[in-house]
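The values are calculated or read from the model by the stated rules, or taken from the named source; none is laboratory data. None of the values given here were measured: they were computed from a predicted structure. Note: ideal-geometry Cβ built from the backbone for every residue, glycine included; neighbour counts use all protein chains shown. Just so you know, the surface numbers come from the protein's heavy atoms only, side chains and all, with ligands and any DNA or RNA stripped out. Shrake-Rupley method; radii C 1.70, N 1.55, O 1.52, S 1.80 Å.
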Amino acid sequence: MAKFDSILLVGCGNMAGAMLQGWLAAGLDPARFAVFDPYAGELPEGVRRLDALPQGEAFDAILLGVKPQLLAEAAPQVAPLAGAGTTLLSMLAGVELAVLDTNFAQAGAIVRLMPNLSAALGKSPIALAAHGLDASAQEAVTALLAPLGTPEWIDEAEFDLVTALAGSGPAFVYRFIDALAQAATELGLPRDQAARLALATVDGAAALAAASPYDPGELARRVASPGGVTQAGLDALDDGDSLRRVVAKTLRAARDRSAQMAAEARGNG
(Lines give C-alpha, C1' and ligand atoms only; values in the text may rest on other atoms or scores of the structure.)
Protein backbone atom coordinates (compact mmCIF):
# COMPACT_ATOMS: atom_id res chain seq x y z
CA MET A 1 0.00 0.00 0.00
CA ALA A 2 1.31 3.42 -0.98
CA LYS A 3 2.36 5.83 1.74
CA PHE A 4 1.93 9.58 1.70
CA ASP A 5 5.10 10.90 3.31
CA SER A 6 5.07 14.30 1.60
CA ILE A 7 1.85 16.28 1.24
CA LEU A 8 1.51 19.71 -0.34
CA LEU A 9 -1.50 21.86 0.56
CA VAL A 10 -2.27 24.40 -2.16
CA GLY A 11 -4.56 26.75 -0.28
CA CYS A 12 -4.95 26.48 3.47
CA GLY A 13 -8.20 28.22 4.32
CA ASN A 14 -10.85 27.06 6.76
CA MET A 15 -11.41 23.59 5.32
CA ALA A 16 -7.84 22.67 4.37
CA GLY A 17 -6.72 24.17 7.67
CA ALA A 18 -9.19 21.95 9.55
CA MET A 19 -7.82 18.90 7.73
CA LEU A 20 -4.25 19.87 8.58
CA GLN A 21 -5.24 20.40 12.21
CA GLY A 22 -6.92 16.98 12.29
CA TRP A 23 -3.90 15.21 10.82
CA LEU A 24 -1.55 16.83 13.31
CA ALA A 25 -3.88 16.11 16.23
CA ALA A 26 -3.85 12.46 15.16
CA GLY A 27 -0.08 12.41 15.46
CA LEU A 28 1.10 12.81 11.86
CA ASP A 29 4.54 14.38 11.63
CA PRO A 30 4.30 18.10 10.73
CA ALA A 31 7.39 17.65 8.55
CA ARG A 32 5.24 15.67 6.11
CA PHE A 33 3.30 18.82 5.22
CA ALA A 34 4.12 21.87 3.13
CA VAL A 35 1.69 24.76 2.55
CA PHE A 36 1.51 27.21 -0.30
CA ASP A 37 -0.99 29.94 0.50
CA PRO A 38 0.04 33.62 0.40
CA TYR A 39 -2.92 34.50 2.62
CA ALA A 40 -2.48 31.84 5.29
CA GLY A 41 -1.90 32.98 8.84
CA GLU A 42 0.54 31.36 11.24
CA LEU A 43 1.03 27.68 10.47
CA PRO A 44 1.45 24.92 13.07
CA GLU A 45 5.02 24.39 14.22
CA GLY A 46 7.00 22.13 11.93
CA VAL A 47 4.80 22.64 8.86
CA ARG A 48 6.81 24.12 5.98
CA ARG A 49 5.55 27.37 4.48
CA LEU A 50 6.29 27.86 0.79
CA ASP A 51 6.57 31.33 -0.69
CA ALA A 52 6.27 29.84 -4.19
CA LEU A 53 5.39 26.49 -5.66
CA PRO A 54 8.66 24.52 -5.78
CA GLN A 55 8.92 23.39 -9.40
CA GLY A 56 10.91 20.18 -9.63
CA GLU A 57 10.06 18.92 -6.14
CA ALA A 58 8.01 15.73 -5.93
CA PHE A 59 5.11 15.22 -3.52
CA ASP A 60 3.24 12.01 -2.78
CA ALA A 61 -0.04 13.94 -2.53
CA ILE A 62 -1.28 17.42 -3.36
CA LEU A 63 -4.39 18.70 -1.61
CA LEU A 64 -6.05 21.31 -3.81
CA GLY A 65 -7.89 23.66 -1.48
CA VAL A 66 -8.30 26.88 -3.45
CA LYS A 67 -11.69 28.35 -4.30
CA PRO A 68 -13.32 26.54 -7.24
CA GLN A 69 -13.38 29.68 -9.37
CA LEU A 70 -9.57 29.86 -9.09
CA LEU A 71 -9.01 26.46 -10.72
CA ALA A 72 -8.15 27.93 -14.13
CA GLU A 73 -5.52 30.15 -12.51
CA ALA A 74 -4.09 27.52 -10.16
CA ALA A 75 -4.04 24.47 -12.44
CA PRO A 76 -1.17 25.57 -14.75
CA GLN A 77 0.99 26.26 -11.69
CA VAL A 78 0.15 23.04 -9.87
CA ALA A 79 0.01 20.62 -12.80
CA PRO A 80 3.82 20.37 -13.25
CA LEU A 81 4.04 19.08 -9.66
CA ALA A 82 1.28 16.49 -10.15
CA GLY A 83 3.17 13.76 -11.98
CA ALA A 84 2.79 10.00 -12.18
CA GLY A 85 3.88 9.50 -8.57
CA THR A 86 1.43 12.04 -7.15
CA THR A 87 -2.15 11.65 -5.97
CA LEU A 88 -4.14 14.84 -6.44
CA LEU A 89 -6.83 15.36 -3.79
CA SER A 90 -9.39 17.99 -4.76
CA MET A 91 -12.02 19.43 -2.47
CA LEU A 92 -13.16 22.04 -5.00
CA ALA A 93 -16.93 22.11 -4.69
CA GLY A 94 -18.67 21.37 -7.97
CA VAL A 95 -15.49 20.50 -9.88
CA GLU A 96 -15.95 17.02 -11.33
CA LEU A 97 -13.35 14.35 -11.96
CA ALA A 98 -13.55 14.87 -15.73
CA VAL A 99 -12.57 18.53 -15.31
CA LEU A 100 -9.77 17.59 -12.92
CA ASP A 101 -8.55 14.92 -15.36
CA THR A 102 -8.31 17.57 -18.08
CA ASN A 103 -6.36 19.98 -15.90
CA PHE A 104 -4.06 17.41 -14.25
CA ALA A 105 -3.62 14.85 -17.01
CA GLN A 106 -0.22 13.61 -15.78
CA ALA A 107 -1.26 12.94 -12.16
CA GLY A 108 -0.93 9.35 -11.01
CA ALA A 109 -4.38 9.46 -9.44
CA ILE A 110 -7.10 12.02 -8.90
CA VAL A 111 -9.51 11.88 -5.98
CA ARG A 112 -12.44 14.17 -5.37
CA LEU A 113 -13.36 14.62 -1.72
CA MET A 114 -15.83 16.53 0.41
CA PRO A 115 -15.13 16.80 4.13
CA ASN A 116 -16.46 19.31 6.63
CA LEU A 117 -14.88 21.39 9.37
CA SER A 118 -15.21 18.66 12.00
CA ALA A 119 -12.16 17.10 10.31
CA ALA A 120 -10.21 19.15 12.84
CA LEU A 121 -11.70 16.92 15.56
CA GLY A 122 -11.43 13.69 13.59
CA LYS A 123 -15.22 13.56 13.24
CA SER A 124 -15.91 14.53 9.63
CA PRO A 125 -17.78 12.41 7.12
CA ILE A 126 -15.59 12.45 4.01
CA ALA A 127 -17.15 11.66 0.65
CA LEU A 128 -14.67 10.28 -1.89
CA ALA A 129 -14.85 9.57 -5.61
CA ALA A 130 -12.11 8.65 -8.06
CA HIS A 131 -11.41 7.21 -11.49
CA GLY A 132 -9.34 4.08 -11.93
CA LEU A 133 -7.90 3.58 -8.45
CA ASP A 134 -6.92 0.00 -7.77
CA ALA A 135 -7.72 -1.57 -4.40
CA SER A 136 -4.30 -0.79 -2.94
CA ALA A 137 -4.42 2.88 -3.97
CA GLN A 138 -7.95 3.26 -2.63
CA GLU A 139 -6.89 1.69 0.65
CA ALA A 140 -3.97 4.11 0.90
CA VAL A 141 -6.20 7.15 0.39
CA THR A 142 -8.69 5.81 2.92
CA ALA A 143 -5.89 5.33 5.46
CA LEU A 144 -4.62 8.88 4.89
CA LEU A 145 -8.06 10.39 5.50
CA ALA A 146 -9.24 8.06 8.28
CA PRO A 147 -7.72 10.22 11.08
CA LEU A 148 -10.09 13.01 9.97
CA GLY A 149 -13.32 11.04 10.40
CA THR A 150 -15.26 8.56 8.29
CA PRO A 151 -14.18 8.21 4.64
CA GLU A 152 -17.01 6.97 2.38
CA TRP A 153 -16.37 6.00 -1.25
CA ILE A 154 -19.35 6.90 -3.43
CA ASP A 155 -20.29 7.05 -7.07
CA GLU A 156 -19.58 10.54 -8.39
CA ALA A 157 -23.20 10.78 -9.56
CA GLU A 158 -24.13 11.02 -5.86
CA PHE A 159 -21.60 13.72 -5.07
CA ASP A 160 -23.90 16.73 -5.25
CA LEU A 161 -26.35 15.19 -2.79
CA VAL A 162 -23.63 13.97 -0.43
CA THR A 163 -22.07 17.44 -0.57
CA ALA A 164 -25.40 18.89 0.54
CA LEU A 165 -25.76 16.35 3.34
CA ALA A 166 -22.24 15.89 4.70
CA GLY A 167 -20.45 19.00 3.44
CA SER A 168 -23.13 21.62 4.08
CA GLY A 169 -24.95 19.65 6.76
CA PRO A 170 -23.10 21.14 9.75
CA ALA A 171 -24.43 24.60 8.82
CA PHE A 172 -27.97 23.20 8.86
CA VAL A 173 -27.38 21.60 12.27
CA TYR A 174 -25.98 24.89 13.60
CA ARG A 175 -29.12 26.66 12.42
CA PHE A 176 -31.24 24.09 14.27
CA ILE A 177 -29.22 24.60 17.47
CA ASP A 178 -29.65 28.34 17.11
CA ALA A 179 -33.38 27.89 16.47
CA LEU A 180 -33.72 25.85 19.68
CA ALA A 181 -31.96 28.60 21.60
CA GLN A 182 -33.98 31.39 20.01
CA ALA A 183 -37.26 29.61 20.68
CA ALA A 184 -36.35 29.03 24.32
CA THR A 185 -35.40 32.70 24.61
CA GLU A 186 -38.73 33.81 23.14
CA LEU A 187 -40.48 31.60 25.69
CA GLY A 188 -38.64 33.14 28.63
CA LEU A 189 -35.11 31.80 29.16
CA PRO A 190 -32.14 34.21 29.22
CA ARG A 191 -30.41 34.14 25.83
CA ASP A 192 -27.00 32.94 27.08
CA GLN A 193 -28.53 30.20 29.17
CA ALA A 194 -30.77 29.05 26.32
CA ALA A 195 -27.74 28.90 24.01
CA ARG A 196 -25.73 26.78 26.46
CA LEU A 197 -28.59 24.38 27.04
CA ALA A 198 -29.39 24.02 23.34
CA LEU A 199 -25.77 23.28 22.47
CA ALA A 200 -25.37 20.78 25.32
CA THR A 201 -28.61 19.07 24.30
CA VAL A 202 -27.53 18.55 20.71
CA ASP A 203 -24.00 17.55 21.71
CA GLY A 204 -25.27 14.88 24.08
CA ALA A 205 -27.95 13.64 21.70
CA ALA A 206 -25.44 13.27 18.84
CA ALA A 207 -22.97 11.41 21.04
CA LEU A 208 -25.71 9.04 22.22
CA ALA A 209 -26.95 8.46 18.67
CA ALA A 210 -23.41 7.63 17.53
CA ALA A 211 -22.98 5.10 20.35
CA SER A 212 -26.46 3.57 20.27
CA PRO A 213 -27.46 0.39 18.42
CA TYR A 214 -30.75 2.13 17.56
CA ASP A 215 -31.27 4.52 14.67
CA PRO A 216 -32.23 8.14 15.48
CA GLY A 217 -35.89 7.58 14.61
CA GLU A 218 -36.11 4.76 17.12
CA LEU A 219 -34.25 6.80 19.72
CA ALA A 220 -36.82 9.58 19.35
CA ARG A 221 -39.59 7.05 19.86
CA ARG A 222 -37.87 5.68 22.99
CA VAL A 223 -37.44 9.15 24.51
CA ALA A 224 -41.12 9.94 24.05
CA SER A 225 -43.87 8.51 26.26
CA PRO A 226 -47.40 8.36 24.82
CA GLY A 227 -49.25 11.47 25.86
CA GLY A 228 -46.11 12.91 27.49
CA VAL A 229 -44.11 16.11 27.20
CA THR A 230 -41.71 14.91 24.50
CA GLN A 231 -44.50 13.42 22.42
CA ALA A 232 -46.33 16.75 22.48
CA GLY A 233 -43.25 18.42 21.01
CA LEU A 234 -42.76 15.66 18.42
CA ASP A 235 -46.37 16.01 17.38
CA ALA A 236 -45.72 19.69 16.64
CA LEU A 237 -42.56 18.86 14.64
CA ASP A 238 -44.41 16.18 12.68
CA ASP A 239 -47.54 18.24 12.02
CA GLY A 240 -48.14 18.22 8.28
CA ASP A 241 -44.81 16.41 7.81
CA SER A 242 -43.33 19.90 8.13
CA LEU A 243 -39.88 18.99 9.46
CA ARG A 244 -39.19 16.39 6.79
CA ARG A 245 -40.44 18.76 4.10
CA VAL A 246 -38.24 21.67 5.15
CA VAL A 247 -35.17 19.41 5.44
CA ALA A 248 -35.83 17.92 2.00
CA LYS A 249 -36.22 21.44 0.60
CA THR A 250 -32.92 22.44 2.25
CA LEU A 251 -30.96 19.49 0.88
CA ARG A 252 -32.52 19.87 -2.57
CA ALA A 253 -31.48 23.52 -2.76
CA ALA A 254 -27.91 22.74 -1.71
CA ARG A 255 -27.71 19.72 -4.04
CA ASP A 256 -29.01 21.72 -6.99
CA ARG A 257 -26.54 24.54 -6.36
CA SER A 258 -23.70 22.00 -6.29
CA ALA A 259 -24.91 20.57 -9.61
CA GLN A 260 -25.11 24.10 -11.06
CA MET A 261 -21.52 24.80 -9.97
CA ALA A 262 -20.43 21.54 -11.62
CA ALA A 263 -22.08 22.61 -14.88
CA GLU A 264 -20.34 25.99 -14.69
CA ALA A 265 -16.98 24.28 -14.05
CA ARG A 266 -17.50 22.01 -17.05
CA GLY A 267 -18.16 25.06 -19.17
CA ASN A 268 -15.01 26.75 -17.94
CA GLY A 269 -12.90 23.62 -18.07
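Before moving on, here are some points about what is shown:
- Of all DSSP beta bridges in the chain, antiparallel share, percent nearest 5: 15
- Reciprocal of mean inverse Cα separation for the range 139-269 (Kirkwood radius, Å): 17.8
- Considering only Val247, Val66, Val229, the mean-square fluctuation computed in a Gaussian network model of the chain, springs between alpha carbons under 10 angstrom, is largest for Val229.
- Of the beta bridges in the range 1-128, as assigned by DSSP with both residues counted there, near 10 percent are antiparallel.
- Here the Gaussian network model covers the chain, with springs between Cα atoms less than 10 Å apart; of Val95, Val111, Val246, Val246 fluctuates the most.
- Bridge type composition, the range 97-230 - antiparallel percent by DSSP, nearest 5: 45
- Rounded to the nearest 0.05, the FRET efficiency derived from the C-beta distance between Ala206 and Gln55 at R0 = 51 Å is 0.65.
- For the chain, radius of gyration divided by Kirkwood radius, i.e. Rg to Rh on alpha-carbons: 1.03
- Principal-axis tilt of helix 229-238 within the chain, Cα atoms, nearest 10 degrees: 60
- Where Thr87, Thr201, Thr142 fall by accessible area, highest first, once all protein chains stay in place (1.4 Å): Thr201, Thr142, Thr87
- Radius of gyration, Dmax [the range 135-204; alpha carbons; angstrom]: 18.1, 58
- Spherically averaged projected area of the range 78-142 from its Cα convex hull (nm²): 4.7
- Full-extension gain in nm, Val173 to Ala31, via 0.36 nm per residue minus C-alpha separation: 47.6 nm
- Rounded tilt (10° steps) of 135-145 against the dominant C-alpha axis of the chain: 60
- Rounded to 10°, Cα long-axis angle of helix 14-25 versus longest principal axis of the chain: 90
- Fully extended contour minus Cα-Cα distance, from Lys249 to Glu218, at 0.36 nm per residue: 8.8 nm
- If you take the alpha carbon atoms of the range 1-153 and fit the smallest convex hull around them, that volume is 100 Å³ per residue.
- Most mobile of Ala120, Ala236, Ala137 in a GNM of the chain (Cα contacts under 10 Å): Ala236
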